[in-house]
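Data block below; observations after.
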Amino acid sequence: MGKLEGRTALVTGASRGIGRAIAEGFAREGADVAVNYTSNEAAATEVAESVRALGKRAEIYKANVGVESECDAMCDAIIKDFGKLDTLVNNAGLGSAAINRPKVADATNDQWQTLLAVNVWGPIYLCRRLIPVLRNADRSDIIMISSIAAQMMSPGYGVYAVSKAALEAMAHTLAKEEKENGMRVNIIAPGLVDTDMGRKIVEATGGGDLSDSAAAMPFGFVCTPDDIAATVLHLCSEDGRYITNQRVTISGN
């Protein structure tokens, strides 16, 4: 029996990268998974099929988490389909590349809104809608996927860092507010990860191909989505039952 047998999780941005690794990891540990995606239905279907191949239930839900009406419709469908939910992984996000990495003073309102809509308002919409549902579970978890950018505050990444810092502030507060309801709320802050976003970061900083960065990494390899997923699974299992209100930085440092 897996460590998450009987659990039901919503993973946003689950069609690729870190989200896919988390969704498939949940299934391996016995959980049913609601797979959220924004545009790539084929990729989301592939993830759902992978979950089902592991003997667990999976359904896919198209929703831009930065749009409240789409979040509400998705949440309604998930509750109707699964009848319950006890785990929310707010993974969907946009990186600085989506707005061409402007300096803070140069960023337009549209650039701010683009990142804040998905990285901050999306988790707000989903928490507001789903926390009343999570409260019904004996044990529930919310995982916020942040970024080391919120600690480094590097030039060109300011708008992104602000969005992730806001996400972390929300998580720390929720952890205190919802503890009495058996809810654990934790943050994962990855450094460089072998994902589409990670490759864009390396390219933008003149690092060439992501594989060329391996030798410079702390342990001689680039972090993978599975490395992130492993910590998420630990936090959501009984192994992590006494862990809440924490930010786990996964950067090799």
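Any read-out appearing in this document is the output of simple, stated calculations on the displayed coordinates, not a laboratory observation. Predicted model only: the values in this text are computed from it and were never measured. Every residue, glycine as well, gets a Cβ built from its backbone with ideal geometry; the counts of neighbours run over all protein chains shown.
Things worth noting here:
- Projecting the alpha carbon convex hull of region 124-191 along each direction and taking the average yields 4.5 nm².
- Where labels lie 7 Å past Cα in the beta-carbon direction, separation of Ala230 and Ser154 in nm: 2.4 nm
- Tensor-based shape of region 1-102 (alpha-carbon gyration tensor, a/c under 1.5 rounded, otherwise prolate or oblate): prolate
- Separation of the Ala215 and Glu5 label points, Cα + 7 Å toward Cβ, nm: 4.8 nm
- Dipole of region 107-253, positive end: most advanced residue of Gln113, Ala216, Thr231 [Cβ charges, Cα centre]: Gln113
- Virtual spin-label span in nm between Asp106 and Ala73, 7 Å along Cα→Cβ: 3.7 nm
- As a rough footprinting exposure proxy, the listed residues Lys103, Lys62 were ranked by other beta carbons within 10 Å of their own, and the order from fewest upward is Lys103, Lys62.
- What the phi angles of region 8-24 give under the Karplus curve with 6.51, -1.76 and 1.60, with θ = phi - 60°, is a coupling list of 9, 10, 9, 10, 7, x, 8, 7, 7, x, 4, x, 5, 4, 5, 4, 5 Hz, glycine and proline written as x.
- Taking the charge dipole of region 94-253 about its Cα centre, with +1 at Lys and Arg Cβ atoms and -1 at Asp and Glu Cβ atoms, the residue from Val185, Ile250, Leu174 reaching farthest to the positive side is Leu174.
- Positive-end residue of Gly2, Ala165, Ser146, charge dipole of the chain with Cβ unit charges: Ala165
- Going from the fewest other Cβ atoms within 10 Å to the most, the residues Cys127, Cys71 appear in the order Cys127, Cys71.
- Put a plus charge on the Cβ of each Lys and Arg, a minus charge on the Cβ of each Asp and Glu, and nothing anywhere else: the dipole of region 41-86 about its Cα centre is then about 280 debye.
- Cα gyration tensor, region 154-193 - rounded (a/c under 1.5), prolate or oblate: oblate
- Average Cα contact separation per residue, region 1-145, under 8 Å, 6 or more apart, as relative contact order %: 24 percent
- Value at 222 nm in deg cm²/dmol, rounded to 500, when DSSP H runs of n ≥ 4 in the chain each add -39,500 (n - 2.57): -13000 deg cm²/dmol
- Evaluated with a Cβ-only charge set (Lys, Arg +1; Asp, Glu -1), the chain carries a dipole of roughly 400 debye about its Cα centre, given to the nearest 20.
- Whether region 100-253 is rounded, prolate or oblate, judged on the alpha carbon gyration tensor where a/c under 1.5 counts as rounded: oblate
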